[in-house]
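Right, one structure below, let's go through it.
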Amino acid sequence: MTLDTVKNAEQTPEAEQPWSELGLKADEYAKIREILGRRPTGAELAMYSVMWSEHCSYKSSKVHLKQFGEKKPDSDAMLVGIGENAGVVDVGQGYAVTFKVESHNHPSYIEPYQGAATGIGGIVRDILAMGARPVAVMDPLRFGAADHPDTRRVLPGIVAGIGGYGNCLGLPNIGGEVVFDSCYQGNPLVNALCVGVMKHEDIHLAQASGTGNKVILYGARTGGDGIGGVSVLASETFDATGPAKRPAVQVGDPFQEKLLIESTLEIFAEKLVLGIQDLGGAGLSCATSELASAGSGGMRIELDTVPLRDNTLSPEEILMSESQERMCAIVEPGKVARFLEICEKWDVIATVIGEVTEGERLEIFWHGELVVDVPPRSVAHDGPTYNRPYARPSWQDALQADAPTAERLLRPSTGEELKAALLAVAGSPNQASKSWITDQYDRYVIGNTVLATPEDSGMIRIDEETNLGVSVATDGNGRFTKLDPYTGAQLALAEAYRNVAAGGAKPLAVSDCLNFGSPEDPDVMWQFAEATRGLADACLVLGTPVTGGNVSLYNQTGDTAIHPTPVVAVLGVIDDVTRRTPIGFAEEGQLVYLLGDTADELGGSAWSQVAHNHLGGLPPKVDLERERLLGDILIAASRDGMIDAAHDLSDGGLAQALVESCLKGGNGARLIVPTGLDPFVFLFSESAGRAIVSIPRSEELRFNDMCGARGLPATRIGVVDGDSLEIQGQFTVSLAELTDAHTGVIEALLA
Amino acid sequence: MTTRVGVVTFPGSLDDRDAQRAVRLAGAEPVALWHRDKDLHQVDAVVLPGGFSYGDYLRCGAISRFSPVMDTIIEQAKLGMPVLGICNGFQVLCESHLLPGALTRNDSLHFVCRDQKLRIENAETAWTRDYSAGQEIVVPLKNGEGRFVADGHVLDQLEAEGRIVARYLDVNPNGSYRDIAGITNAAGNVVGLMPHPEHAVEPLTGPSTEGLGFFTSVLKQLVNA
C-alpha cells in the first residue's frame, strides 16, 4: 500500500482518482485541483469530498437559507447566531440557552437503533461544544403508515435507540412528535433536538487561535465505522485486496458520551479550552478544517497519534471516520496537563494530536510525511454553491382545487355521526396517545422537568432558586406543507409558537430541521424555496430569529419525495415556572373558553385523513399578528393566574384538544356549540391561531376584559364537569369510552 | 449538627444530583462521594443513586460493586450504617450481596417510565419510618432491568421476615416476582428500591411529594440512634 503524499501528488499529476465515486462532480474536482495547484492527495480528496457533500456544505440549500440572516428580526436575545455548532439565546439572569434540531433520517432507516441513538449523541455534542450543560432532548419522528409491516421494523428500533442512548446520558426526553403517513414509508424522519444551559461568560466557539496552542482529541478511539463513501477510495485506489466496505452507520456508546459530557463540563469550569468542536459528520476532516478556518493561523496535525480501535485504518479513513463520542479542543500549552488529568479522572482517552501554527495552511502528517496541505477555509467554508432550478409543480393547482368541501367529502351531521368521528380521530394513530413510545424515555432525570409530553411544550427549570425556566415545542405538518409550502412552513412555526405560549413561556427563538426530497427535482426545490421563504417571513413578523438548524435532502424513494416537512422548534423563556399552564382540565366548575376565530378550514386536516384518506385543497390561513396576540394573552393570563389550563388547537381541531384536556385532567366537560357555527366545523376545523383555556369563575371578568381590550375573540363554550364530554344537543361520550379509543392504539399496532 | 448523607457518583450515575437534592430538602447535608475514593468523609448514611454505572456493561451493577468506595460501604453497611440503593443502586446492592436476589430485564423487554403506585409494606426500616405500614404512595419508576427475581425459598423468607419494603400496586411494571418493588436486609439498615423516591420530592417536578419520606426517615433514625 503506497502512501499518497503531497510530494507524490505533485510528481504524478495524471494519476486516476475516484472523485466520481466519492460523489464529486467533474467541475468540483477541477476546482479542487485549481485551489491546490496540483491534484489532491487521497487524503485531501477524501476531505474535500465529505466537506463539499450536500450534508456538510449545504450547497443546494444555502442560497435559500441566506434569508434567515437577511430577514432576521431585531432581537436582543441572540448571543450567537447561525454558523456555529448551535445558536445561543439570552434568557436573562445571566443565563444563556442553546438549542438545535438535527436530522438523522437516512442512517435510522438502514439501522434504526444505532441510527436514532447516534442522532441523539450528535446533537448533544453540538450543544456541549457551545459550553453548555445539556438539560433535555426531544424527538420529532415521522414514520410510514402505522399498519405497514416495515413500520414495525423501523419504529420500535428507533424508539429503543432514542431511549437506550438518551436514558443512559441522563437527559430527560420532554417532547417531540410522532406522525404516521405513507409518504415516509421508505424515508422515516428521525429528528433530534437538544437544549443546553450555560452562563453568558461560558459560551465557547469552534475556533483555533494562538500559535503553539495544542490540539487535543479526546473521547472514544477512532474506528472504521461511519466511513461511508471513503471506503471507495481506500479499497479501490490503494488496496484493492483490503476489506471492501466499511459499515456506513456509526455505532454509539452512550456511556462514553456521558463521560465525555462530565469531563468536558469540568474542563469548561476550569476554563481550560480556547476553542472546541465536536466530531460528527465528516469526523476529523470537519473538526480540524472548521477549527482552523474559523481561527487565525494554521494547524499541524500528526495523524498517526490518533488513538485507533483498528490499527489497519488508512490516513484517509481516519480523516473520514465518523466514530462517535469524540471532541477536539484547542488548549494553551500550560493547561494541557490539567486537561489530561481531568480526562483521566473520567477514564476518557485524550491525546495531543497537533498544534496551531503560524502559517495559513492545514497540514496533516502521517508518520512524518505530509499527506494534506490545504487552505482550511477552502475545505470548510468555500464549498460549491448551486442555484438549483425550481418551478411550481404542474400538479399543484389540481391538488389545491381538490378542496374538502361538504359537497365533495361527506361530513358527519347527526350527533351519533359526530361522536363516531370524534372517536375515530382520537383513536387514529396520529392522534392517539403516544405513551407506549414516550414511556420508553426517562422524563424525570435531573429533577427539573416541569412539563413533558403530552403537554403542549416541554418545560425545564434552569434555576432552582429563582424558578427561571425554558420551554421548547417542535411542530411540523407535511400535509399542510404539501398543499402550500409557503403557508405550511408558517403554520409549523405558528403552532410551535402557540404551544410554547400555551405553557406560559415567551417565545424567543427558532431552530429548524428542513426535511425534503431531492434538490435535483425542480418540484422539490420549489417546495424548499417556498418553505424557507415562508418561514423566514414569519420569523420576521413574530420576532423569533432562526438560530440554526439542519437541512436533510434526498428524502425520497425512487421518484417519489416525502411530503415537504419543515420541522420548527421554538424556544421560550418563563420567569417563574410555578406559573406554567398545563393542558389538563383539573378543576371541576371552571369555565372553558375558545380563543380565536373558527372558519370552515378542513384542507389537510386530521379529519380529512382519518375519514376519507384525503389530501387536497388549501391549508388553514395564517394570521401571524393574531398568533402573536393569542400568545401575549396566554402568557399574561398564565403570569397573572387567570387560567388553570390551556391547550393549543391544531391537528384534529377542538375535538382532539377537548379529548386530551379531559383525559389529562381526569374531568369531563359540557359544551355548547356557539350560535352561527356548524357543529362539525366547530369540532373539526383546524383554523390556526386558536386555543382553549379553563378559567376559574372568579377570573372570568378580568380575563374577558383583557381579551376585549386587546381585541382577541374569546367565546365561552362550556364548563369543566362530570366524567363525560358532552356537546349539548349533539352527543355525550364518557371518559371511559374516550380512554378506550385514545389509548392502546400504538401498542396494538406495533408492540 | 447536621446529618451528612453521602451520595455516590459512579461513572454513568445519572440521578446523583437528584438524590442530593432530596437529601437537602429532607433537611440533611448531601455529601458527594466519588467511586474511586474509599473514604466516606464522615457521612452518617449513604445513597447509591440511579443510572447506568459503568454503562451497565457486563451486568447492571456488576462492575460498580468492585469500586473502591464500595469496599468501605459494604463494610459499614454490615456494621449498621443506613444504605439506600435506588434503581441502579439496588442492582449494585444485590451484586454486592448486601441484599438477596437479582434484577433482570423487564418482562415487556422495554424500558418503562411511569408514575407508579406502591404500598409500603415495612415501615420499620431505616429508610421507611416516616411511612405507615400499608400506606400507598405514587413515585416515578424508570428502568429497563427492574424485574426482581429470587428463588422461591428466598422469596418466602423475605415474606416471613417482613423484609419486603414496598410492592407495586395496580400494575406490575416489570414482572417482578410477587410484585416486589423494594426489599431490606435482616437488620433493616440496607434498603433497595427500584422506583425513584428522589423524583417525588417537589410538587413542581414530581407526580407527588410522597418520596420525601425515605429521606426524612433516615434523619430520624440517625437522630434517635
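On the given criteria, is B:Val149 away from every other protein chain (no Cβ under 14 Å) and at pLDDT 95 or above? Yes, satisfied.
Quick check on the range B:160-170. Is at least one of its residues at pLDDT 95 or above, away from chain A (no Cβ under 14 Å) and more than 18 Å from B:Thr128 (Cα to Cα)? Walk me through how you get there before you give the answer.
Kept after step one, since they are at pLDDT 95 or above, are these residues of the range B:160-170: B:160-170.
Among the residues that remain, those that are also away from chain A (no Cβ under 14 Å) are: B:160-170.
Of the ones still in play, those that are also more than 18 Å from B:Thr128 (Cα to Cα) are B:160, B:170.
Yes, that holds for at least one residue.
Step by step: first the residues of the range A:87-116, then only those that are aliphatic (A, V, I, L, M) and not in a strand (DSSP E or B), then the one that is nearest to the chain's Cα centre (by Cα). Which residue is that? The qualifying residue nearest to the chain's Cα centre (by Cα) is A:Ala116.
Regarding the range B:121-128, can at least one residue be identified that is out of contact with any Asp or Glu (no Cβ under 6 Å at 6 or more places or on another chain) and either within 13 Å of chain A (Cβ to nearest Cβ) or not in a loop (DSSP other than H, G, I, E, B) (or both)?
Let us first name the residues in the range B:121-128 that are out of contact with any Asp or Glu (no Cβ under 6 Å at 6 or more places or on another chain), namely B:121-128.
Applying the additional criterion that residues be either within 13 Å of chain A (Cβ to nearest Cβ) or not in a loop (DSSP other than H, G, I, E, B) (or both) yields none.
So far as the range B:121-128 goes, no, none of its residues is out of contact with any Asp or Glu (no Cβ under 6 Å at 6 or more places or on another chain) and either within 13 Å of chain A (Cβ to nearest Cβ) or not in a loop (DSSP other than H, G, I, E, B) (or both).
With respect to B:Asn185, determine if the residue is under 22 Å from B:Ala45 (Cβ atoms), among the polar types (S, T, N, Q) and out of contact with any Phe, Trp or Tyr (no Cβ under 7 Å at 6 or more places or on another chain). So B:Asn185 fits the description; yes. Just one of the numbered conditions (1) surrounded by fewer than 18 Cβ atoms within 10 Å (Cβ to Cβ); (2) within 37 Å of the chain's Cα centre (by Cα); (3) among the polar types (S, T, N, Q) is not true of A:Thr675: (2). Pick from A:Ile174, A:Ile216, A:Ile162: which is within 14 Å of chain B (Cβ to nearest Cβ), in a strand (DSSP E or B) and either at positive phi or touching a residue at least 60 places away in the same chain (Cβ under 8 Å) (or both)? Of the residues listed, the single one that is within 14 Å of chain B (Cβ to nearest Cβ), in a strand (DSSP E or B) and either at positive phi or touching a residue at least 60 places away in the same chain (Cβ under 8 Å) (or both) is A:Ile174.
In the range B:188-204, the residue that is farthest from A:Ile460 (Cα to Cα) out of those that are surrounded by fewer than 24 Cβ atoms within 10 Å (Cβ to Cβ) and of a type outside the set (Asp, Glu) is B:Gly188.
Of the listed requirements (1) at the interface with chain A (Cβ under 8 Å from one of its Cβ atoms); (2) closer than 18 Å to B:Thr209 by Cα; (3) crowded, with 24+ Cβ neighbours inside 10 Å, B:Arg17 misses just one: (3). For A:Gly186, the criteria (1) crowded, with 24+ Cβ neighbours inside 10 Å; (2) more than 14 Å from chain B (Cβ to nearest Cβ); (3) touching a Ser or Thr at 6+ places or on another chain (Cβ under 6 Å) hold in every case but one, which is (1). Run down A:Ser638, A:Ser650 and say which single residue is farther than 30 Å from A:Glu465 by Cβ and within 29 Å of the chain's Cα centre (by Cα). None of the other options fit; the residue is A:Ser650.
This table checks each residue for (1) more than 24 Å from A:Leu303 (Cβ to Cβ); (2) assigned to a helix (DSSP H, G or I).
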site	(1), (2)
A:Leu22	no, no
A:Ala30	yes, yes
A:Ala43	no, yes
A:Met47	no, yes
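Filtered by the rule that a residue be surrounded by 15 or more Cβ atoms within 10 Å (Cβ to Cβ) and either outside the structural domain of A:Glu290 (by TED's automatic domain parsing) or more than 23 Å from B:Trp34 (Cβ to Cβ) (or both), the range A:333-353 gives A:Val336, A:Thr351, A:Val352, A:Ile353.
Considering each of A:Gly281, A:Gly334 in turn, give the residue that is part of a helix (DSSP H, G or I) and more than 30 Å from B:Cys60 (Cα to Cα). Every option except A:Gly334 fails the conditions.
Only one entry of B:Leu33, B:Leu48 meets the criterion of being farther than 19 Å from B:His196 by Cα and of a type in the set (A, V, I, L, M), and that entry is B:Leu33. The set of residues from the range A:251-278 being assigned to a helix (DSSP H, G or I) and in contact with a Phe, Trp or Tyr (Cβ under 7 Å, 6 or more places away or on another chain) comprises A:Pro254, A:Phe255, A:Leu259, A:Glu262, A:Ser263, A:Ile267.
Answer yes or no: is there a residue in the range B:111-118 that is away from chain A (no Cβ under 14 Å), part of a strand (DSSP E or B) and more than 17 Å from the chain's Cα centre (by Cα). The answer is no, given that none of the residues of the range B:111-118 is away from chain A (no Cβ under 14 Å), part of a strand (DSSP E or B) and more than 17 Å from the chain's Cα centre (by Cα).
Scan the range B:58-89 residue by residue and report those that are under 21 Å from B:Arg4 (Cα atoms) and assigned to a helix (DSSP H, G or I). Before you say what the answer is, go through the steps one by one.
First, the residues of the range B:58-89 that are under 21 Å from B:Arg4 (Cα atoms): B:68-86, B:89.
Once the filter is applied, which keeps residues that are under 21 Å from B:Arg4 (Cα atoms) and assigned to a helix (DSSP H, G or I), the range B:58-89 yields B:Pro68, B:Val69, B:Met70, B:Asp71, B:Thr72, B:Ile73, B:Ile74, B:Glu75, B:Gln76, B:Ala77, B:Lys78, B:Gly89.
Check the range A:438-448 and report whether any residue there is hydrophobic (A, V, I, L, M, F, W, C), part of a loop (DSSP other than H, G, I, E, B), surrounded by fewer than 24 Cβ atoms within 10 Å (Cβ to Cβ) and at the interface with chain B (Cβ under 8 Å from one of its Cβ atoms). Write out each step before concluding.
Going residue by residue through the range A:438-448, those that are hydrophobic (A, V, I, L, M, F, W, C) are A:445-446.
So of that shortlist, the ones also part of a loop (DSSP other than H, G, I, E, B) come out as A:445-446.
Retained after the next criterion (residues that are surrounded by fewer than 24 Cβ atoms within 10 Å (Cβ to Cβ)): A:446.
Keeping just the survivors that are at the interface with chain B (Cβ under 8 Å from one of its Cβ atoms) gives A:446.
Looking through the range A:438-448, at least one residue is hydrophobic (A, V, I, L, M, F, W, C), part of a loop (DSSP other than H, G, I, E, B), surrounded by fewer than 24 Cβ atoms within 10 Å (Cβ to Cβ) and at the interface with chain B (Cβ under 8 Å from one of its Cβ atoms).
Which one of A:Gly359, A:Gly298 is among the small types (Gly, Ala, Ser), surrounded by fewer than 24 Cβ atoms within 10 Å (Cβ to Cβ) and within 24 Å of A:Glu84 (Cβ to Cβ)?
On the way: A:Gly359 fails: within 24 Å of A:Glu84 (Cβ to Cβ).
Only one candidate qualifies: A:Gly298.
Applying the selection to the range B:38-57, what residues are free of Cβ contacts under 8 Å to residues at least 60 places away in the same chain, over 21 Å from B:Val190 (Cβ atoms) and either charged (D, E, K, R) or part of a loop (DSSP other than H, G, I, E, B) (or both)? Matches in the range B:38-57: B:Phe52, B:Tyr57. Going by what's in this entry, would B:Gly188 be described as farther than 26 Å from B:Ala77 by Cα and part of a loop (DSSP other than H, G, I, E, B)? No, not satisfied. Scanning the range B:31-57 for residues that are more than 13 Å from every other protein chain (Cβ to nearest Cβ) and touching a His at 6+ places or on another chain (Cβ under 9 Å) yields B:Val31, B:Leu33. Yes or no: the range A:67-82 includes at least one residue that is at pLDDT below 95 and on the phi > 0 side of the Ramachandran plot. Within the range A:67-82, none of the residues are at pLDDT below 95 and on the phi > 0 side of the Ramachandran plot. Meeting the requirement of 2 or more residues that are among the small types (Gly, Ala, Ser), the strands (runs of 3 or more DSSP E) wholly within the range A:579-679 are A:645-648.
Counting only residues that are outside any loop (DSSP other than H, G, I, E, B) and free of Cβ contacts under 8 Å to residues at least 40 places away in the same chain, the range A:400-437 holds 2 of them.
Yes or no, residue by residue, for (1) farther than 26 Å from A:Asn550 by Cα; (2) touching a Gly at 6+ places or on another chain (Cβ under 8 Å):
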position	(1), (2)
A:Ile267	yes, no
A:Lys271	yes, no
A:Leu274	no, yes
A:Gly281	no, yes
A:Leu284	no, no
A:Val306	yes, no
A:Cys328	no, no
A:Lys335	yes, no
A:Phe339	yes, no
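The values are calculated or read from the model by the stated rules, or taken from the named source; none is laboratory data. All figures in this text were calculated on a predicted structure; none of them were measured in a lab. Using ideal geometry, Cβ is built from the backbone for each residue, glycine included, and neighbour counts are taken over all protein chains shown.
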